[in-house]
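These notes concern the structure reproduced below.
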Amino acid sequence: MPPRDELRRDSSAEPATLTGFAGLVDWWRRLTDGREEPRGFNVAAAGALVMLSVLYGIGALASLWLRSLRPVRSAVPVISVGNMVAGGAGKTPLTVYLARVLASQGRTVAVVSRGYGRRSRGLVVVSRGDGPLVKWHKAGDEPFMMALLTKDVSIVVSESRRKGARHAVEELGADVILLDDAFQHVQLARDLDIVAVDAASPVGNGHLLPGGPLREHPTGIGRAGVLVATRCDRADGAARVAGALGPLAPSAPIVETRMKPVEFWDVGTGETVKAAGLRERSCMALSSIADPADFERTLRKLRMNVVGRLALPDHHDYSGDDVDVVVEAAREVGADTILTTEKDAVRLRPWRSRMPLVALGIELEVTNGKELLMGALEEVLSRRRKR
């Protein structure tokens, strides 16, 4: 959280003005997401960052090549879920969706993740299929959230996905592995790569980090077996993704999806909150996710009365002092309720303030091409059964 004097607010629903590291991250994302042309000082800044991208690209290509030389093959099918850009493409909802689908088919599923942002090291079993076994600090916020949102699905975090997958198979009995955020982590061989692509901005401004959001050159999408276009409710869906990446992955089907709001729930009590009652309140939107604007657009579509908003860097670790500042910020803009994301709710639990904190749950919904996705999954699973 920025120091108290670095945070300036007003009574409108415009973003809080952030400085320090939080402001730098926000500036970089606006500069590189490809949705607006740089102007003034930003033109020079963008040029400098693109020059650095050349060095990053050389290093990323060499690293990817070296790590792909001797991939280890698991005893069970391995399905990777990842993306081409740094954050914000909907990987976690997609992973939860796939885990639920496979579990409903009678598969023994394990999700293996690095556990970004966790305070632990080594291999940690986050869930054996019936809820979290550890606190979110040991699991990472996204694996912890997946443990909350899935049933009969094991969640394992490990810096080494090879060790995590082996533990999931040998100790947890998994017969299919979902690798979370692993498109560029090729030491473990996979049977299918499913890549999430934000339909509104498939490749950002087209440059590699730090001049753009791309983790690797766009030609890397050729490794993908399925492209999942996310957030198609605010873009021309598959057509936009096909135009940007289709020629580089001509054999990969494109599946259209959207993020569907499911329910509001009180972070303090865990009880469901009716949307109709929330619309009568004055709310501040609070988020520390890769794309806070997407969360705020969803609140507007749900006709929430948002009188202010506060966006912090992705995976922000809220302290007790941060909570006091957030509550005071809400009061200053005239809000009587704070609306946040499920991922933020994980990091804000337990919530002890008198001001209500309400989280919005979302899930991925396939709107077009479900048969293509199910067919790709079945092909992989049947192919491994025949060996």
**Q.** Nearest-10 value in Å² for the accessible area of Met374, using the 1.4 Å probe
**A.** 50
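With 20 Å as the limit, write out which pairs from Lys163/Lys370; Lys91/Lys151; Lys91/Lys370 have Cα-Cα distances beyond it, or answer none. It would help to have the intermediate numbers written out before the result.
Values: Lys163/Lys370 32 Å; Lys91/Lys151 18 Å; Lys91/Lys370 17 Å.
As for pairs spanning more than 20 Å Cα to Cα, those are Lys163/Lys370.
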Q) Once the Cα atoms of helix 161-170 and of the chain are each reduced to a long axis, what angle between those two axes, in degrees from 0 to 90 to the nearest 10, is obtained? A) 70
Q. Using a 1.4 Å probe on the protein chains only, how many percent of the accessible area of the chain belongs to carbon and sulfur?
A. 52
Q.
Only Cα pairs within less than 10 Å get springs; with that Gaussian network setup on the chain, which residue of Ser80, Ser251, Ser287 has the largest fluctuation?
A. Ser251
Q) When the Karplus curve 6.51 cos²θ - 1.76 cosθ + 1.60 is applied with θ = phi - 60°, which whole-Hz ³J(HN,Hα) does each residue of the stretch 313-327 get, with x for Gly and Pro? A) x, 4, 6, 4, 9, 6, 9, x, 5, 4, 4, 4, 5, 4, 5
Q. Among Pro313, Pro350, Pro132, which one shows the biggest mean-square fluctuation in a GNM of the chain, springs joining Cα atoms closer than 10 Å?
A. Pro350
Q) What ³J(HN,Hα) values, in whole Hz, does the Karplus curve 6.51 cos²θ - 1.76 cosθ + 1.60 give for the stretch 100-114 when θ = phi - 60°, with x put for Gly and Pro? A) 5, 4, 5, 5, 5, 8, x, 7, 9, 9, 10, 9, 10, 10, 6
Q: Write down the accessible area per residue of the stretch 233-387 in Å², having rolled a 1.4 Å probe over the full set of protein chains.
A: 47
**Q.** Candidate residues Cys232, Cys283: accessible-area rank, largest first, probe 1.4 Å
**A.** Cys232, Cys283
Q. Using modelled amide H (1.01 Å from N, peptide plane; none on Pro or chain starts), what sits under 5 Å from the amide H of Asn205, excluding residues fewer than 5 places away?
A. Gly34
**Q.** Distance in nm between pseudo-label sites at Phe41 and Arg300 (7 Å out along the Cβ direction from Cα)
**A.** 2.7
Q.
Run the helix sum for the chain: -39,500 (n - 2.57) per DSSP H stretch of 4+ residues, divided by residue count, reported at 222 nm to the nearest 500 deg cm²/dmol.
A. -10500 deg cm²/dmol
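The values are calculated or read from the model by the stated rules, or taken from the named source; none is laboratory data. No experiment lies behind these values; they were computed from the predicted model shown. Glycine gets a Cβ as well: all are built from the backbone with ideal geometry, and neighbour counts include every protein chain shown. The protein model used for the area step is the full one, side chains on, heavy atoms only, and it has no ligands, DNA or RNA in it. Shrake-Rupley method; radii C 1.70, N 1.55, O 1.52, S 1.80 Å.
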